[in-house]
There are 2 protein chains.
Amino acid sequence: MAKVLCVLYDDPVGGYPNSYARDGIPNIDRYPGGQTAPTPKRIDFKPGELLGSVSGGLGLRKFLEGLGHTFVVTSDKEGENSVFERELLDAEIVISQPFWPAYLTAERIAKAKKLKLAITAGIGSDHVDLEAAIKHGVTVSEVTYSNSISVSEHVVMMILSLVRNYIPSYKLVIDGGWNIADCISRSYDLEAMEVGTVAAGRIGLAVLKRLKPFDVKLHYTDRHRLPEHVEEELNLTFHSNVESMVPVEGLGGSVHWPDAASDDKTDKQSAIFSTAINFILGLRWGNQELGYSIPGGPTSIETNYSELER
Amino acid sequence: MAKVLCVLYDDPVGGYPNSYARDGIPNIDRYPGGQTAPTPKRIDFKPGELLGSVSGGLGLRKFLEGLGHTFVVTSDKEGENSVFERELLDAEIVISQPFWPAYLTAERIAKAKKLKLAITAGIGSDHVDLEAAIKHGVTVSEVTYSNSISVSEHVVMMILSLVRNYIPSYKLVIDGGWNIADCISRSYDLEAMEVGTVAAGRIGLAVLKRLKPFDVKLHYTDRHRLPEHVEEELNLTFHSNVESMVPVEGLGGSVHWPDAASDDKTDKQSAIFSTAINFILGLRWGNQELGYSIPGGPTSIETNYSELER
C-alpha cells in the first residue's frame with residue numbers, strides 16, 4: 001500500500017461550497033486533434049464540483065483509501081517545516097498542481113527515499129528538478145491537454161480585456177465613478193491588430209484558432225513550424241525567432257516575462273502575449289507591463305496607468 | 001449657416017489626455033461583408049485620439065466652424081434647464097451618441113422648430129421619438145456598422161469573463177485576497193457550452209462567428225433567418241422564437257433584460273446573452289443576473305454572488 005501526498009490550494013475563505021452556479025459541466029469526450037479524454041471507470045464526485053482545494057482532494061480520497069492507500073492532502077508546502085516536506089520523507093507518490101506547485105527540488109528529492117512518482121495534476125513539470133528525478137529513478141508525469149483549452153480561453157479573454165480596457169473600467173466603477181471618457185481613452189478594438197504567440201503548441205495554436213475570426217493579423221514563432229495547411233487556414237505569419245516577430249529582448253525560452261520588460265524595444269502598435277513562460281502569463285502593451293494572470297487561478301492586473309499617458 | 005448641437009460625455013476626470021497607450025489604430029477600409037468604411041477627404045485628428053468626450057467634439061469643430069457653422073457641444077442633457085434643451089430651440093442638427101443619448105422626445109422635437117436632422121454618432125435611434133420626428137419632418141440617421149464589431153468583441157469578452165469568473169477574481173485580488181479556491185469554485189470553461197444570441201444581425205452574427213472556434217454549440221433566434229450556408233458554416237441551430245431557444249419569459253423584442261429576470265425559468269446549463277436589448281447588454285447565468293455593460297463605455301458587473309451559491 002502506497003502513501004500518496006497531494007498538495008492543493010486552500011479551501012474557499014467562506015468554507016467548502018455546498019452548491020454551485022451550474023448544475024454540471026458539459027461532457028468532453030475528446031481533445032482537439034482526436035486524443036481521447038480520460039475515461040475513469042467511475043468517479044466519486046459530480047463534474048463541476050470544486051476538487052482542486054484541500055477538501056476536494058482531486059476527488060481521489062474514496063478511491064485511494066478504498067484501495068488501502070494512505071492519502072495525505074495539504075496546502076502547506078513551503079519551507080523545511082512544512083507539512084509537505086515532513087510528509088514527503090516516506091511518500092511514494094506526490095501529486096501537485098502547475099499553478100500551486102510543490103517544488104520538488106534536488107534537495108527534497110534526495111530526502112524522499114521512497115518517492116517513485118511525481119504527478120502534475122495538470123500540465124507541466126517546471127516545479128520538478130528533472131535531473132534529480134532521473135537520477136533517483138522518479139517518474140514525472142502530467143495530464144497532457146487537460147487544461148490547454150482552458151488556458152487558451154483565458155488568453156483570449158485577457159487579450160480582449162486588455163485591449164478593450166475592461167478591468168480598469170470595472171475598477172473605475174467600483175471606485176464609485178462612471179466616467180465614460182476615462183474608460184474610452186485607452187480602450188481599443190482588437191480588429192485588424194497584429195497578434196503573435198510565442199510558441200504554437202496545444203495552447204498557442206488553440207489561441208490562434210480562436211483569434212482568427214476577430215480579423216486580426218496572426219503571427220507566431222516556435223521551434224517546430226506548424227503544417228503548411230494550418231498556416232494557410234489561419235493565415236499565419238511564421239517567424240523563426242521571437243526577435244523577428246516582436247522587438248523585445250529576452251522574451252524567448254524560459255525567460256520570466258517581467259525580466260523582458262526592463263529592456264524594451266516594442267513600439268505601441270503590437271499586442272503580444274506568451275503562453276509558455278513559467279506559470280505566469282504576462283501581457284504587455286507597447287512599453288508597459290499590463291497584467292499577469294494565473295490561468296485557472298486568481299487574476300491580477302497591476303498597471304501603472306499614469307505611465308501609459310506619458 | 002447651420003447650428004449643430006452635439007451631446008457628448010464629459011472629458012476624463014484628470015483632463016483631456018496628452019498622450020495615448022498606442023501610437024495609432026489599425027486602418028479599416030471595409031466592414032465585414034464589403035461595405036466601405038467612411039472616406040472623409042481629410043481629418044483634423046489622429047486616429048486613436050479621444051474624440052467622444054466634450055473637448056474632442058467628434059473631431060468636427062474645425063471642419064464645421066471652418067465652413068461657418070455654429071458648433072455647440074455639451075454633456076448637460078437632462079431636464080428642461082439643461083444646456084441641451086436650451087440650445088435645442090434653434091438648432092438645425094443634433095448629434096448624439098447611443099450610449100450617452102440625448103433623448104429627443106416628442107416634447108423636445110416640438111420645441112425644436114428648426115430641427116432638420118438627428119444624427120446618431122454610432123448605431124441606433126432608440127433615443128429618438130421616431131413618430132414625432134416623422135411628423136416634424138426630421139431626418140434621423142446613424143452610422144451603420146460603425147461600432148458593430150466593437151460591440152461583438154465586447155460581448156465575447158464578457159461571455160468569457162463571466163464564464164471564467166474573471167471580474168470577481170480580480171475583485172478578490174484588489175480586496176487583498178489571493179485565494180485560488182474562491183475564484184475557481186465558479187469558474188468554468190466555455191468549451192462545449194450552449195450559447196445563443198437573441199438576434200443575429202451585424203452584431204449577433206459577428207459574435208457567433210467569433211465563438212465558433214471555441215467549440216461551443218451555437219444557437220440563435222431572429223425574425224430573419226440567416227442564409228443556409230451561414231448556418232452550416234457556423235453549425236447554428238435556429239430557433240423561431242426566443243422561448244424555444246431558452247426558457248426565459250419576456251426576453252424577446254424590446255423588453256429590458258432586468259425585467260426578464262424576475263420571472264425566470266432558465267436552468268443552470270446555458271450561457272445566454274443579448275445584443276439587441278435597449279442600450280444595455282445584460283448577461284445572466286442560470287437564475288441569476290450576472291452583469292451589465294455599456295459596450296464601448298464603462299463596464300459594470302453587479303452580482304449577488306451569495307445568491308449564486310444557494
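The listed residues are B:Pro17, B:Pro26, B:Pro40, and the only one of them that is in contact with a Leu (Cβ under 7 Å, 6 or more places away or on another chain) and not assigned by TED's automatic domain parsing to the domain that holds B:Leu205 turns out to be B:Pro17.
Just to be sure before I move on: is B:Gly52 within 24 Å of A:Phe214 (Cβ to Cβ) and open to solvent by 80 Å² or more (accessible area, probe 1.4 Å) in the structure I sent? For B:Gly52, the condition - within 24 Å of A:Phe214 (Cβ to Cβ) and open to solvent by 80 Å² or more (accessible area, probe 1.4 Å) - is not met.
Out of the stretch B:205-230, which residues are closer than 19 Å to B:Ser161 by Cβ and acidic (Asp, Glu)? Hit for the stretch B:205-230 is B:Asp215, nothing else. For B:Arg186, the stated conditions hold: it is open to solvent by less than 40 Å² (accessible area, probe 1.4 Å) and more than 26 Å from A:Leu208 (Cβ to Cβ).
Consider the stretch B:1-44 and keep the residues that are hydrophobic (A, V, I, L, M, F, W, C) and either part of a strand (DSSP E or B) or at the interface with chain A (Cβ under 7 Å from one of its Cβ atoms) (or both). The one that is nearest to B:Gly66 (Cα to Cα) is B:Val4. Criterion applied to A:Gly57, A:Gly52, A:Gly48 was being among the small types (Gly, Ala, Ser) and more than 9 Å from every other protein chain (Cβ to nearest Cβ), and the one residue passing it is A:Gly57. Out of all the residues in the stretch A:103-122, which are within 14 Å of another protein chain (Cβ to nearest Cβ) and either within 15 Å of A:Lys77 (Cβ to Cβ) or surrounded by fewer than 19 Cβ atoms within 10 Å (Cβ to Cβ) (or both)? Matches in the stretch A:103-122: A:Ala121 only. Taking the listed residues A:Ala199, A:Ala192, the one that is outside the structural domain of A:Ala106 (by TED's automatic domain parsing), surrounded by 15 or more Cβ atoms within 10 Å (Cβ to Cβ) and closer than 25 Å to B:Phe99 by Cα is A:Ala192, with no other qualifying. There is at least one residue in the stretch B:13-21 that is touching a residue at least 12 places away in the same chain (Cβ under 8 Å), under 25 Å from the mean Cα position of the chain (by Cα) and under 30 Å from A:Pro213 (Cβ atoms). Whether any residue in the stretch A:62-69 is in a loop (DSSP other than H, G, I, E, B) and within 14 Å of chain B (Cβ to nearest Cβ) is what I want to check. Checked the stretch A:62-69: no residue is in a loop (DSSP other than H, G, I, E, B) and within 14 Å of chain B (Cβ to nearest Cβ).
Filtered by the rule that a residue be among the aliphatic types (A, V, I, L, M) and either surrounded by fewer than 17 Cβ atoms within 10 Å (Cβ to Cβ) or within 16 Å of the chain's Cα centre (by Cα) (or both), the stretch A:83-102 gives A:Val83, A:Leu89, A:Ala102.
Within the stretch A:130-151, can one find any residue that is at the interface with chain B (Cβ under 8 Å from one of its Cβ atoms), more than 24 Å from the chain's Cα centre (by Cα) and open to solvent by 20 Å² or more (accessible area, probe 1.4 Å)? Taking every residue of the stretch A:130-151 in turn, none turns out to be at the interface with chain B (Cβ under 8 Å from one of its Cβ atoms), more than 24 Å from the chain's Cα centre (by Cα) and open to solvent by 20 Å² or more (accessible area, probe 1.4 Å).
The values are calculated or read from the model by the stated rules, or taken from the named source; none is laboratory data. This one's a predicted model, so the numbers in the text were calculated from it and none came from an experiment. Backbone-built Cβ (ideal geometry, glycine too); neighbour counts: all protein chains shown. These area figures cover heavy atoms from the full protein model, side chains too; ligands, DNA and RNA do not enter into them. Shrake-Rupley method; radii C 1.70, N 1.55, O 1.52, S 1.80 Å.
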